[in-house]
Amino acid sequence: MQAHPLRLSPGDDVRAAIEDTLHQSGLQAAFVVQGIGSLSVAALRFAGAEAATEIRGDLEILTLAGSVSPDGAHLHMSIADARGQVSGGHVAHGCTVRTTVELLLVQLPDHCFAREPDPRTGFVELVIRGGTQVKPD
């Protein structure tokens, strides 16, 4: 594993910045293992929803994690607003950094990730190639 710490700046789109970092560095498989920081806009798709919901204001990222492949990212985030109300869901494009976002992207050099349609779920899901994979029982 190779660690790639990142700091995003005001105005950056969180998801786009993570995906751009993967493409620019030529990585094929990575995980965001944690992220913290602040947003002015959070675009989160809640469980079972078709589209993302925008939340605006002074927002703190409590958690940020997920997988990143050349085909895109699958990220989840929880945020708190200025009253301490917490929301969480899938990270969509449009999460805008307010002051900073600090995160750790970990590369898996022996793996290649892709996203392909899975007929069992009906969604585009992670496909893992290379390395040693643990199969569920």
So which of 21, 100 ends up being in contact (Cβ under 8 Å) with a residue 24 or more places away in the chain, hydroxyl-bearing (Ser, Thr, Tyr) and more than 23 Å from residue 131 (Cα to Cα)? 100
Selection from the range 19-46 of residues that are at pLDDT below 95 and of a type in the set (A, V, I, L, M): 22, 27
For the range 108-137, what are the residues that are among the aromatic types (Phe, Trp, Tyr) and at pLDDT 95 or above? 113
Residues of the range 48-69 that turn out to be touching a strand residue (DSSP E or B) at 6+ places or on another chain (Cβ under 7 Å) and either among the β-branched types (Val, Ile, Thr) or at pLDDT below 95 (or both), as a count: 5
So, residue 115, is that one among the basic types (Lys, Arg) and out of contact with any strand residue (DSSP E or B) (no Cβ under 9 Å at 6 or more places or on another chain) or not? no
Quick one: count up the residues across the range 39-88 that are under 21 Å from residue 126 (Cα atoms) and among the acidic types (Asp, Glu). 2
Which of (1) within 15 Å of the chain's Cα centre (by Cα); (2) farther than 15 Å from residue 91 by Cβ is the odd one out, the single condition residue 58 does not satisfy? (1)
Do you know which of the residues in the range 1-18 that are in a strand (DSSP E or B) and modelled with pLDDT of 95 or more is surrounded by the most Cβ atoms within 10 Å (Cβ to Cβ)? 8
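The values are calculated or read from the model by the stated rules, or taken from the named source; none is laboratory data. Here the structure is a predicted model, which means the values were calculated and not measured. Ideal geometry is used to build each Cβ from the backbone, glycine not excepted, and the neighbour counts take in all protein chains shown.
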